[in-house]
Every structure is written in C-alpha cells, then in structure tokens.
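The values are calculated or read from the model by the stated rules, or taken from the named source; none is laboratory data. Because the structure is a prediction, the values reported are computed rather than measured. Heads up, the Cβs are rebuilt from the backbone with ideal geometry, glycines too, and the neighbour counts pull from every protein chain shown.
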Amino acid sequence: MGVGRAALPPDRGGQLKSIRSRISDGLEPVTFGLFCIAAATYPFSVAAANVALGSALVTGLLGGQLAKGAQRLWIEHRAFTLAWMLYLALLPLGLIWSMDRPWGLHVIARQWYWLLIPLAVSVLSSRSGQRTFLAILSISLTAHLAFCVGQLLGWTDFTKDGSTAMDPTGHIGHIGFGFVYGVWAGWLLHWGLLQYGWRRWGAWLLAAWSVTMVFLAAGRSGYLIVPLLLLAVAWKLLRFKPWLKVAAALLVIATGVAALAYGPGKARILWTMSGIQAIEKGNFRKAEARWSLWYAAIETWRTHTPMGVGTGGYPKAAAEVKLAHPGLWYGGTRSAHPHNMYLLALSRWGPLGTIALLVLLYLWIRTAWRLDWHHTDAASLIALPALAMAIHGLSASSLEEHFPAILAALLLGVGLAAAGTDKDIANPSPFDG
C-alpha cells in the first residue's frame, strides 16, 4: 500500500466565523427582547429600564450588533457621527484639566446610554421590530399617563422628584415630564397624519391627552417644548400650503398663551417673572436657584478661561463662586450642574465645548430635516428629540438627564434605522447648508 496522503487541516477560520454567526443570530432576538422590556418599564422604573438596557448593550456587544450599528452610522451619517465623536471625546479630554477628576469619571460613566444609538440602529433595523418597539413604548407611556391622572385625582399618594397631586408627573418627575410627553405627542401627531381611520384618531387623542397633562404639570420647559414641537411637525407637513402654516402657528401660540394665562402654569410663569425682576435688582435670594446657578456657571468660566474647569469640575468651582458671592442661592452648598446644558458645556470646556454642542444639535436636526416627512415617521423620531433637547437644555442638563437622554437615544436609533430602511430623501431645505 502507498503512503496515505496527510489529512488536510480543518478550516478553523471558517468554523470560527460560523460560530460567531450562530452566536450573533442567537443573541439578536435576546437583545431585541431586552429593548422591549426597557420600553415597557421605562416610565415606571429607572432601575428596571437601566438593567434591561445595560444587558442589551452586553448582548449587543457579544453578538456584534453594536459594531454593525456603529459601522452603519459611519457609512450613512458620517458628519453626524463625527459630531457625536467630537462631543463625547471632550468628556475624557476634559479630565486633563479637571478640578475634580473623580467626579469627572462619574460624569463619563453616566454617558453609557448613548451607546444605545448604534445598537438600536442594528437591532431595530426591520419594520416589524420598529413597530413592535414603538407600540410597547406607547402602551407604557399611556399607562403612565393613566397613573398621573390617578395621582391628580388623589387616588394615590405617590410623591417623587417634585411629582405630587398638584404636579401630577408620575414616576418621571416634573423636570423631564414635558420633554418625554412633548416628544411623544409630536411623534403621535406626525404618525397619525400618515395613518387612516381609527389609528389616526387614536394617535391624535393620545397626543391631545399628553399635551393636556404637560400643561397640568409645573415644569415650564414643557410649556415651550410642546407648542414648538407641534409647530415643527405642522410646518414640515404643511410645506406647500403657506396659509395653513400660518393658521397652525397662530393656533399653537393661542393655545399655549391660553394655557399659561388660565391654567396651572400661570403661577410658574409669574414666579419666573418675579425672579427676573429680583435679579435686575441684584437680589438672588428672591429668585429661584437656577438664576444663581447660571450666574455661577458664567463666573466659573470667567475665572478659568479659556478652557473652563474640565469634565467634573463644575460642582467644586460653583462652590468656590458661592463662597465669593454669599448672596447666591443654590438650594445647598454643592450643585452637580447649572440646570443649563449650554452653560454646563461652557463652564467645562470653554467656547469649544459650546460650539461642539451646537454643531451636534445642528447636524442632528439637519439629518431629519432633509427626510421626506410626508412618507415616513423616521423624520420626527430623529428631529423631535433633538429639538426638545435644544429647548430643554435652556433649563436642564438635558443630554445628561436620565429620562430625556434615554428616550432621545432610543428614538434617534429607531429613527435612523427607519430612515435607512425607507431611503426617503426630500428636496433640499435651509438646513442642508
């Protein structure tokens, strides 16, 4: 017998690739299920939603969905991705000159939810997945609205983060309530216009309910967010009918003015106006704490020009400003942020940080503004969170606030995934540069 031919080595590369493919295929539905759990628990439990989303990031990383989503973002939305990378890069770079590096590391650790954007782009790439996720989120938000009505009527004595029977904002709290339900109402208005029959009227009924509850709450940010988002939707969808645009704008403005003049928001607006008058006289003690915080943020940057106090440096720097200006009132000796996203960026990283933030918001809005709003709701899923962030950021940390940031990340991911599926690009707009 002749000497037998040596056995060929197995295709280890092919086997490894096959194993990875099976792992990815097996983990993708798990990641999708975790997204759905997060959507169901989002308005009721911070802990449950965080656990579900954190677990989704782990399975998405192991299954390769996170990498696939990041690659897709880089290919399809490069300018927007670069803007995100620049802004997020400032967080670790700011540690170099930070006045408080331990707190800076804490700030960076809290940015994990922005990784949900590429993960959602990958996991929610199918139409059925997008519809299922948005349906579960909408059902959860509807149930939470019902809970808020019960709170308003005194059926529960639940109180949390300023949420009371006089300020019925449920588990979300009055700071983020207007953002969450303003964005949802705007999307429901847009989605309803693309539907027929009971779907359209059901969506509009939920939108009207959301708007009503926002104006029954005490968060003034929502009083700006709701009418401006609804106006943005009307403006895009009524593009070829100028007289309807004007009528819609007047109706939104009149509704907002009436709600503020005669509704629960009147007291909050009067409080704001009295605060402005007190500040003009140099009396910070008779104005709410936000005015002192904004003044401290500006002083923080002025005394640490041009780069600011670095990532995490604001609380310590604001405490020093308060020692030098005893008339300021923070509601405590230490404040984590100045309740203003733009001033927070200025105090941390100087003008460069504020410019990076503005560029990010501009490209975020621009990405959606050039989509065809008449045929896909992807446009509003992308644009409305960005517009709300820009408005809400005038009185909150916005990008770093739990409920607004997570909702924005999830809806942005779903919207970008849907936009990639639809491939609907409209005529150039002023946002196209």
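Structural remarks
- Selected residue [more than 11 Å from the chain's Cα centre (by Cα), more than 18 Å from His190 (Cβ to Cβ) and either surrounded by 22 or more Cβ atoms within 10 Å (Cβ to Cβ) or modelled with pLDDT of 90 or more (or both)] from Gly415, Gly350, Gly332: Gly350
- Odd one out for Leu394 among (1) in a helix (DSSP H, G or I); (2) aliphatic (A, V, I, L, M); (3) farther than 25 Å from Gly54 by Cβ: (1)
- Boolean, Gly63 is at pLDDT below 95, buried (at least 17 other Cβ atoms within 10 Å of the Cβ), touching a Gly at 6+ places or on another chain (Cβ under 8 Å) and more than 23 Å from Phe403 (Cα to Cα): yes
- Of everything in the stretch 76-107 that is not in a helix (DSSP H, G or I) and not aliphatic (A, V, I, L, M), the residue that is surrounded by the most Cβ atoms within 10 Å (Cβ to Cβ) is Gly94.
- Test: residue in the stretch 350-369 that is in contact with a helix residue (DSSP H, G or I) (Cβ under 8 Å, 6 or more places away or on another chain) and in a loop (DSSP other than H, G, I, E, B): no
- The lone exception for Ala207 - which of (1) closer than 21 Å to Glu401 by Cβ; (2) free of Cβ contacts under 8 Å to residues at least 24 places away in the same chain; (3) within 19 Å of the chain's Cα centre (by Cα) it fails: (1)
- The one condition from (1) closer than 18 Å to His171 by Cα; (2) without any contact (Cβ under 8 Å) to a residue 60 or more places away in the chain that Gln195 does not meet is (1).
- Taking the stretch 306-321 as the range and being β-branched (Val, Ile, Thr) and assigned to a loop (DSSP other than H, G, I, E, B) as the test, the residues that pass are Val309, Thr311.
- Filter result (under 22 Å from Lys160 (Cβ atoms) and crowded, with 18+ Cβ neighbours inside 10 Å) within the stretch 41-60: Thr41, Tyr42, Pro43, Ala49, Ala52, Leu53
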